[in-house]
1. I'm checking my understanding of the structure. Among residues of the stretch 118-152 that are in contact (Cβ under 8 Å) with a residue 24 or more places away in the chain and of a type in the set (D, E, K, R), which one is surrounded by the fewest Cβ atoms within 10 Å (Cβ to Cβ)?
2. Please state which one of E211, E206, E228 is among the acidic types (D, E), outside any loop (DSSP other than H, G, I, E, B), open to solvent by 10 Å² or more (accessible area, probe 1.4 Å) and under 30 Å from A277 (Cα atoms).
3. Tally up the residues in the stretch 98-117 that are open to solvent by 60 Å² or more (accessible area, probe 1.4 Å) and either of a type in the set (S, T, N, Q) or in a helix (DSSP H, G or I) (or both), please.
4. Being open to solvent by 10 Å² or more (accessible area, probe 1.4 Å), in contact with a helix residue (DSSP H, G or I) (Cβ under 9 Å, 6 or more places away or on another chain) and either under 24 Å from I285 (Cβ atoms) or outside any loop (DSSP other than H, G, I, E, B) (or both) is the filter here; which residues of the stretch 168-189 pass it?
5. Give the residue, chosen from L192, L242, that is within 20 Å of Y69 (Cα to Cα) and open to solvent by 10 Å² or more (accessible area, probe 1.4 Å).
6. Looking only at the stretch 122-141, count every residue that is among the small types (G, A, S) and under 17 Å from L208 (Cα atoms) and tell me the total.
7. For a quick check of your reading of the model, give me the residue pairs whose first member lies in the stretch 233-262 and is free of Cβ contacts under 8 Å to residues at least 60 places away in the same chain, whose second is basic (K, R) and in a helix (DSSP H, G or I), with beta-carbon atoms closer than 8 Å and at least 6 apart or on different chains.
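The values are calculated or read from the model by the stated rules, or taken from the named source; none is laboratory data. On a predicted model such as this, the values are computed, not experimentally measured, just so you know. A quick note on method: Cβ atoms are made from the backbone with ideal geometry, for glycine too, and the neighbour counts reach across all protein chains shown. Note: areas computed on protein heavy atoms with side chains; ligands, DNA, RNA excluded. Shrake-Rupley method; radii C 1.70, N 1.55, O 1.52, S 1.80 Å.
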Amino acid sequence: MKALVWLLPLAAALAQSPPAQRKVELLWPDGAPGAVGAEAVDKPNLTLYPAPEKGAVGTAVVVCPGGGYGFLAKDHEGDQIARWLNSLGISAYVLQYRIAPRYHYPAPFLDATRAMRFVRAHAAEYHISPQRIGIWGFSAGGHLASTVGTHFDAGDANAADPIDRVSSRPDFMVLAYPVISFTTPYTHRGSLHNLLGDHPDPKLVESLSNELQVTPQTPPAFLFHTDEDNGVPAENSVLFFLALRKAGVPAEMHIYERGPHGVGLAATDAVLGTWPARLKDWLDIRGLLQ
């Protein structure tokens with residue numbers, strides 16, 4: 001019964017009927033760098049889920065659905081996540097980033113980096129704090145989120161585009177069953193291949209093995225995984241957590257014994273469905289729900 005109590009707020013959030021149409025913002029209205037066409041898949045964008053005015057806390061999250069860099073799980077790792085965040089008063093921005101086979105690195109990274117800058121540059125318009133913008137990624141989307149969190153920059157003060165003048169650093173990261181390592185036996189080979197192709201430069205592979213790129217400036221992180229995950233082994237989260245710990249970066253990790261890969265919020269599982277409550281607690285202790 002106690003587990004069911006935890007599921008009630010989650011179920012209520014997901015039961016809310018979404019509006020018929022949500023605003024979508026192109027990250028580059030005049031065309032994305034490296035675009036190979038002008039179709040929808042060539043136009044990275046953000047779908048906006050503004051927090052309800054009543055109860056809004058000024059925090060925002062860019063959401064990166066997973067899919068092995070080959071597709072995007074837009075429902076249970078996109079729309080459902082944004083609606084859950086809205087239930088906490090957090091504005092959400094679901095990222096459509098470019099994927100294989102049409103695109104490889106650096107296109108997804110450019111898209112996610114631009115998304116962080118875009119939301120921060122529009123903070124006043126979106127009624128959010130520019131110092132309370134996080135990134136949340138699932139599976140390969142977790143790799144993308146952790147890449148942004150370990151390869152950010154402060155922006156170019158002299159850039160002609162005002163969006164390029166602001167920082168791409170997330171203020172916090174949420175990584176759900178993330179792909180992290182590209183240099184260990186725990187590598188998710190499908191994500192590696194889709195992102196970097198058949199014969200990637202070993203130096204690039206190492207650079208994008210994100211447990212090796214953590215510094216004291218890396219944003220705080222919350223990690224969730226399951227021990228039964230046969231798609232992306234839990235060692236990915238463990239390696240990243242240990243790197244954060246070594247660098248003195250605040251982090252929290254939860255590894256559940258049971259559960260497959262790709263569960264999203266696990267709204268129908270009485271045990272796994274408690275993990276969003278752990279995330280809510282973490283957001284709260286970090287002052288992001290106030």
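1. For the stretch 118-152, the residue satisfying everything is R132.
2. Within the list E211, E206, E228, the selection yields E211.
3. Residues meeting the conditions: 1.
4. Across the stretch 168-189, the qualifying residue is only R169.
5. Answer to the selection: L192.
6. Going through the stretch 122-141 one residue at a time, the tally reaches 4.
7. Between residues of the stretch 233-262 that are free of Cβ contacts under 8 Å to residues at least 60 places away in the same chain and residues that are basic (K, R) and in a helix (DSSP H, G or I), the close pairs are A251/R245; E252/R278; H254/R278.
Per-residue answers, yes or no, for (1) among the β-branched types (V, I, T); (2) at pLDDT 95 or above:
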{"position": "L4", "(1), (2)": "no, no"}
{"position": "L7", "(1), (2)": "no, no"}
{"position": "S17", "(1), (2)": "no, no"}
{"position": "D30", "(1), (2)": "no, yes"}
{"position": "P50", "(1), (2)": "no, yes"}
{"position": "A56", "(1), (2)": "no, yes"}
{"position": "C64", "(1), (2)": "no, yes"}
{"position": "E77", "(1), (2)": "no, yes"}
{"position": "I81", "(1), (2)": "yes, yes"}
